[in-house]
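Notes follow once the structure below has been shown.
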Ligand code: ADP
């Protein structure tokens, strides 16, 4: 569905990403992991065309995304970016309806159908009860759900998520991830999620891309990527890796220096 062919990107002199190639198949849940500054956010921004790579190209169902219309991309790829600290003067419903903007005509009026779709998205994300509340009065977890609802209202085929669980407590993390997993498994949504939480990535993703210094260090199943050798050499600290006793997936524990 998405094919990334040898892309390199630099903001200024230094390359933030170098020679990145991978594919994402329809219905896959792919995680992008790696230390701070390894290029996760940059890669996602390139995937939704906020940035354009100096080298290489990205194909979406075989068509180069740089030649696609913006509204066309927005109908197919939705983004839940890292939370900005901008506070919106909009209500929850107004924010979710923004997801319909790629579908609106020139007059930008929403139809009954747009409202219907926005309401469905709010039902899925459990935010209907506070649809009239202003965004700046919501908790971080509630706001996150609104942004997912807005992305769902776009009726996309692909969801790009950048650090979606940052700043959420464990209850909201698991609610959020279960929702994403349901969308993936039941609706066939293709997911690419950047996360610095490797235990979450290990539990939820089918496949992982581990970045180091703007390059792909390792790509494969969580079992192939999350090994003691890979993690220690990429992060430069000692870790303990065993299996989550319930799921059997690799699980990372941090070790304090000299304390064992
Ligand atoms: P990650 O998401 O893995 O933490 P980023 O993609 O944010 O990594 O950053 C990759 C590299 O690009 C880092 O070296 C970072 O300093 C640099 N970088 C990120 N954003 C900018 C920017 N707007 N201008 C210049 N350099 C940037």
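Here, each number is a calculation from the coordinates, and none is a lab measurement. Everything quoted here is computed from the prediction, not taken from an experiment. A quick note on method: Cβ atoms are made from the backbone with ideal geometry, for glycine too, and the neighbour counts reach across all protein chains shown.
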Suppose each label sits 7 Å from its Cα in the direction of the beta carbon; what would the residue 5-residue 116 distance come out to in nanometres? 4.1
If one compares the long axis through the Cα atoms of helix 170-187 with the longest principal axis of the Cα atoms of the chain, the angle in degrees, nearest 10, works out at 70
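Percent of Cα-Cα pairs more than 33 Å apart in segment 2-226, please.
Values: 3789 of 25200 pairs.
Roughly 15 percent, rounded to a whole number.
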DSSP bridge pairs, the chain: antiparallel proportion in percent, nearest 5: 60
Before anything else, pin down the relative contact order of the chain: Cα pairs under 8 Å, at least 6 apart, normalised by residue count, whole percent. 25
With Cα coordinates, the longest principal axis of the chain makes an angle with the long axis of helix 140-153, in degrees rounded to 10, of 70
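Rounded if a/c is under 1.5, else prolate if a/b beats b/c, else oblate: with a ≥ b ≥ c from the C-alpha gyration tensor eigenvalues square-rooted, which is segment 1-61? If you can, show how the numbers build up before the last one.
Values: a/c = 2.07, a/b = 1.38, b/c = 1.50.
Verdict is oblate for segment 1-61.
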Residue exposure sequence - 240, 124 - by fewest surrounding Cβ within 10 Å: 240, 124
Could you give the Stokes-Einstein D for segment 28-129 in µm² per second, using the C-alpha Kirkwood radius, 4 °C, 1.567 mPa s? 80
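What does the extension gain come out to for residue 243 and residue 71, with contour length at 0.36 nm per residue minus their alpha carbon separation? Show your work: numbers first, answer last.
Values: separation 172, 0.36 × 172 = 61.92 nm, distance 4.34 nm.
That pair, residue 243 and residue 71, stretches by 57.6 nm at full extension.
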Packing-based exposure ordering (other Cβ within 10 Å, fewest first) of 226, 170: 170, 226
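Give the order of 11, 103 when sorted by the count of other beta carbons within 10 angstrom, beginning with the fewest.
On the way: 11 9, 103 17.
The fewest-first ordering by Cβ neighbours comes to 11, 103.
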